[in-house]
Amino acid sequence: MTPETVTLFLAMLAVLAAGLVVAIVISWGLGDRFGLLAQLRPVALELATAVAVTATVGSLYLSEGAGYVPCRLCWVQRAFMYPAAVLLVAALVTKLRWPAMIAGALAAVGFPIAVFHRFDQAAGGIGSFCELDNPCSSRWVEHFGFVTIPTMAAAGFAAVVALVAIWLEPGAEPDLIEPGMAARPRTHRS
């Protein structure tokens, strides 16, 4: 596959993730009137993990496979997404809440950095964060007239935050009871 094909696929995933985030925010605003949050809750951790791992693998492909040189802001975003992916895999395997909480916090910090990076691209380089030979305003990728690498990162961060929030929502997780077993009281999970 060519880098153009891979980046187009990643751009489509980013648009899908952004659309999902918008739908989630609207659902929260409407009190989940249409049941979207309830439908997502059982798979929210899996989806958040898939988004973070895809973003990590995608960014590694862009630098190692396609040969795009990450700028400083790209490295900062990677510093938040990569550990979030590892923590979400750990949360998925263990079903512990704390790794997902930390991953959500990392994504929440990475999101505004990605938004700023995209703004820097649109403004033609307003900050002095990057090297002259590798400016943060460079656009290695652009699809649909607006999806660049920081746009994809922002969509990934936003999706991770929203999906982790759904999974961690207090009182939303049903007790897991096998048929024929009596309900047991909830205990504190770490």
Scan of region 1-22 for residues that are surrounded by 15 or more Cβ atoms within 10 Å (Cβ to Cβ) and closer than 17 Å to V160 by Cα, ordered by number | L10, A11, L13, A14, V15, A17, A18, L20, V21
Residue pairs within 7 Å by beta carbon, gap of at least six or interchain, first lying in region 44-62 and over 15 Å from A165 (Cβ atoms), second among the hydroxyl-bearing types (S, T, Y), listed first then second, are T56/Y82; L62/Y68
Hey, S63 in contact with a Gly (Cβ under 9 Å, 6 or more places away or on another chain) and of a type in the set (S, T, N, Q) or not | no
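From R41, R72, grab the single residue that is of a type in the set (D, E, K, R) and touching a strand residue (DSSP E or B) at 6+ places or on another chain (Cβ under 8 Å).
It is R72.
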Do you know which of the residues in region 100-110 that are surrounded by fewer than 21 Cβ atoms within 10 Å (Cβ to Cβ) and in contact (Cβ under 8 Å) with a residue 12 or more places away in the chain is farthest from S59 (Cα to Cα)?
-> M101
Failed criterion for L88 (all others in (1) assigned to a helix (DSSP H, G or I); (2) more than 16 Å from V164 (Cβ to Cβ) hold) | (2)
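FYI, it's all coordinate maths here, none of it is from the lab. Model, not experiment: these values are computed from the prediction. Neighbour counts are summed over all protein chains in view; Cβ atoms, including those assigned to glycine, are modelled from backbone coordinates with ideal geometry.
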